[in-house]
Amino acid sequence: MNDISLITIDGSAGSGKGTLAKRLSHELEWHLLDSGAIYRLLAFAACKNGIALDDEAALVALTSAIKMEFIAKGGAELEVLLDGEDVTRDIRTEDCGCNASVLAVLPKVREALLDRQKSFRQAPGLVADGRDMGTVVFPDAPLKIFLLASAEVRAERRFGQLKEKGIDANMDRLIRDIVKRDERDCNRKQAPLKPADDAIQIDTDKMSIEEVFSKVYQLSKNL
Ligand code: DC
């Protein structure tokens, strides 16, 4: 039993978990694990090195050959470094998200990334966001949140976020990609996207980011 405080936030692409996790970790002054960034960084490194997204052995070898760094920026976007090079923007494209989802179906790749994710659990606490934080990586977490939102609402949010970052986006393509990514993330054999039995599910379709934050922040006070 690990007594370091922990909140897991799982949900599908664009459900708002990243924004919520960043804000919570900042307010609580806890560490932050953006597990999607790990899968994205691996996908980016694979493309850079000409490794196919289904070459499980080469991808597993790549997980230990590259240096991944994630630097929290006080509630803002994490800075992400690959072998010392700033790739923060490169990993946030929709293509990189889709590529991450493709290699994330491979069981040995997930296994190879497990200890790295667990190592983020450090005092005084951790906010961990992803797809399998509450089910596989931290099944003993005392507070598990699962965010729900329709594909349309998520595509709209994604569109806004990408625009803000100056990244071009097309709504129809965003919806298509989100639905495809949902299918892959929910139907894979290993660690599919699903709420843990003891997760609190929050439907965020009609809620503002502020409302979602307040609700989870209140829950965190009971830890
Ligand atoms: O949360 P995100 O959009 O940055 O994640 C990108 C992809 O990485 C997602 O579509 C599936 C994969 N992923 C995963 O399989 N497990 C996680 N815990 C986090 C992300």
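Derivation of every value follows stated rules applied to the coordinates shown; laboratory data play no part. Keep in mind it's a predicted model, so treat the numbers as computed, not measured. Every residue, glycine among them, receives a Cβ derived from its backbone with ideal geometry; neighbour counts consider all protein chains shown.
Cα centroids of the stretch 144-223 and the stretch 26-70: 21 Å apart. Within the straight-line cut-off of under 16 Å between alpha carbons, the aspartates and glutamates reachable from Lys144 are Asp3, Asp10, Asp34, Asp129, Asp132, Asp197, Asp198, Asp203, sequence neighbours fewer than 8 places apart in one chain being disregarded. Note that the stretch 212-223 has calculated 3J(HN,Hα) couplings of 5, 4, 4, 4, 6, 4, 4, 4, 5, 5, 8, 6 Hz, one per residue in order, obtained from phi through the Karplus relation 6.51 cos²θ - 1.76 cosθ + 1.60 (θ = phi - 60°); glycine and proline are x. Considering helices alone, the calculated mean residue ellipticity of the chain at 222 nm is -13500 deg cm²/dmol, with DSSP H runs of length four and up weighted by -39500 (n - 2.57) and normalised per residue.
In this structure the amide hydrogen of Gly125, modeled in the peptide plane, comes within under 5 Å of the amide hydrogens of His31, none closer than 5 places in sequence on its chain. Mean-square fluctuations from a GNM of the chain, with a 10 angstrom spring cutoff on Cα atoms, peak among Ser15, Ser208, Ser101 at Ser208.
Quick one: grab the alpha carbon gyration tensor of the chain, order the square roots of its eigenvalues as a ≥ b ≥ c, and give me rounded if a/c is under 1.5, else prolate or oblate depending on whether a/b is larger than b/c. It would help to have the intermediate numbers written out before the result.
Numbers: a/c = 1.42, a/b = 1.16, b/c = 1.23.
Rounded, because the longest to shortest axis ratio a/c is under 1.5.
About its Cα centre, what dipole magnitude does the chain give when the only charges are +1 on Lys and Arg Cβ and -1 on Asp and Glu Cβ, stated in debye to the nearest 20? Walk me through the intermediate numbers first.
Details: 32 positive and 37 negative charges, 28 e Å.
Once rounded to the nearest 20, the dipole reads 140 debye.
Partner aspartates and glutamates whose Cα lies under 13 Å from the Cα of Lys165, excluding those fewer than 8 positions away in the same chain, are identified as Glu77, Asp90, Glu94.
Counting only lysines at least 8 places from Lys108 when in the same chain, those with an alpha carbon closer than 24 Å to its own are Lys48, Lys67, Lys118, Lys180, Lys189, Lys194.
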